1. Within the range 1-20, how many residues turn out to be part of a helix (DSSP H, G or I), farther than 14 Å from Ala79 by Cβ and of a type outside the set (Asp, Glu)?
2. In the range 43-65, which residues are in contact with a Lys or Arg (Cβ under 9 Å, 6 or more places away or on another chain) and β-branched (Val, Ile, Thr)?
3. Being touching a residue at least 24 places away in the same chain (Cβ under 8 Å), closer than 13 Å to Met1 by Cα and assigned to a helix (DSSP H, G or I) narrows it down to one residue among Ala79, Ala23, Ala65; which is it?
4. Is there a residue in the range 21-39 that is farther than 30 Å from Tyr83 by Cβ and either more than 11 Å from the chain's Cα centre (by Cα) or of a type in the set (A, V, I, L, M, F, W, C) (or both)?
5. Between a first residue in the range 1-19 that is aromatic (Phe, Trp, Tyr) and a second residue that is part of a helix (DSSP H, G or I), which pairs have beta carbons less than 7 Å apart while being 6 or more apart in sequence or on different chains?
Amino acid sequence: MDELYQRTTDCSEQIKNIKNRQARRDLLRMLGAVDSALNRLSSESVECRRLKRSTAHYEMLKTQATELIVNLERHLTLARLLYS
């Protein structure tokens, strides 16, 4: 999960360098969705620690968060190519 937080932090730093307002706003909105997914994942990880096993819900949330981050990274790459 630390890797997901690190990737999100890296994206956040790169978004600050996008000059186009519309693209930056869209990327920040996507970043908000990623943050929300990571918060849900963090909450579920507490439940996993309590049960001392990984739950299916945790794995599903982790997959969703990873997909959101990959999508954000792809859009960020496109925005950097077009607007930086």
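Rule-based calculations on the coordinates, nothing more; no lab input. Every value quoted in this text rests on a predicted model; they were computed, and no experiment measured them. Neighbour counts are summed over all protein chains in view; Cβ atoms, including those assigned to glycine, are modelled from backbone coordinates with ideal geometry.
1. The total comes to 6.
2. Scanning the range 43-65 gives no hits.
3. On the way: Ala79 fails: closer than 13 Å to Met1 by Cα; Ala23 fails: closer than 13 Å to Met1 by Cα.
Among Ala79, Ala23, Ala65, only Ala65 is touching a residue at least 24 places away in the same chain (Cβ under 8 Å), closer than 13 Å to Met1 by Cα and assigned to a helix (DSSP H, G or I).
4. As a first pass, look at the range 21-39 and keep what is farther than 30 Å from Tyr83 by Cβ: none.
No, the range 21-39 contains no residue that is farther than 30 Å from Tyr83 by Cβ and either more than 11 Å from the chain's Cα centre (by Cα) or of a type in the set (A, V, I, L, M, F, W, C) (or both).
5. Tyr5/Leu38
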